[in-house]
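Comments concern the structure below.
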Amino acid sequence: MVLRYCKIALAFASFLFLFLVVFNNLTDYGSNYAFVENVLGMKDTFEGNKGQWRAINSPVIYHLLYASIILWESAAMVLLAMGTWKLWCSRVAGAKDFNLAKNLVFAGLTLSMLQWYIAFLSVGAEWFLMWQSKTFNGQGAAHRMFVIMGISLIFIAMKDDKLGDS
């Protein structure tokens, strides 16, 4: 039973993190908008780099992409909220039912991992050369969140056959 509570707690912590991310993005829109603007505009990359042609200089696109990031985070957050609730409701059920209840958590964690991997580590860091920026380099945070969500996914998916607990 302890493993189930640990898994529920990690699912809830992942939901809570994304809730706070979405909350901050909505209540302090300008701070993270500046991040998006600088990364997409490649304003803080190495001078004279050959990839500068990729820069986007359109506030409309900045707002659209930032909105898509917030929606992506919100979708993962909602999946994790619903999945955590399903896990909580299934905490005393049999192993099969508890395992079936994990699906929304798996979807939420995977969606979040894909965001950190695709939007930040691939598109931001590599396409828009965010790694060249000393000020607007979100690689460390993206890597940290990808790893945290990934470890949570692995742990929640793990089965403990000896105890019949999952």
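The values are calculated or read from the model by the stated rules, or taken from the named source; none is laboratory data. Everything quoted here is computed from the prediction, not taken from an experiment. Cβ coordinates were reconstructed from backbone atoms using ideal geometry, including for glycine residues, and neighbour counts include every protein chain displayed. What goes into the accessible areas is simple: the full protein's heavy atoms, side chains included, and nothing from ligands, DNA or RNA. Shrake-Rupley method; radii C 1.70, N 1.55, O 1.52, S 1.80 Å.
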Against the condition touching a strand residue (DSSP E or B) at 6+ places or on another chain (Cβ under 9 Å) and open to solvent by 30 Å² or more (accessible area, probe 1.4 Å), how does residue 95 come out, does it pass? yes
Please determine whether any residue of the stretch 103-111 is open to solvent by 60 Å² or more (accessible area, probe 1.4 Å) and at positive phi. no
From the residues in the stretch 42-76 that are in a loop (DSSP other than H, G, I, E, B) and open to solvent by less than 50 Å² (accessible area, probe 1.4 Å), which one is farthest from residue 121 (Cα to Cα)? 58
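Given the criteria in a helix (DSSP H, G or I) and modelled with pLDDT under 95, does residue 146 qualify?
Taking the combined requirement at face value, the residue does not satisfy it.
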Determine whether residue 85 is aromatic (Phe, Trp, Tyr), out of contact with any helix residue (DSSP H, G or I) (no Cβ under 7 Å at 6 or more places or on another chain) and either open to solvent by 30 Å² or more (accessible area, probe 1.4 Å) or more than 16 Å from residue 38 (Cβ to Cβ) (or both). yes
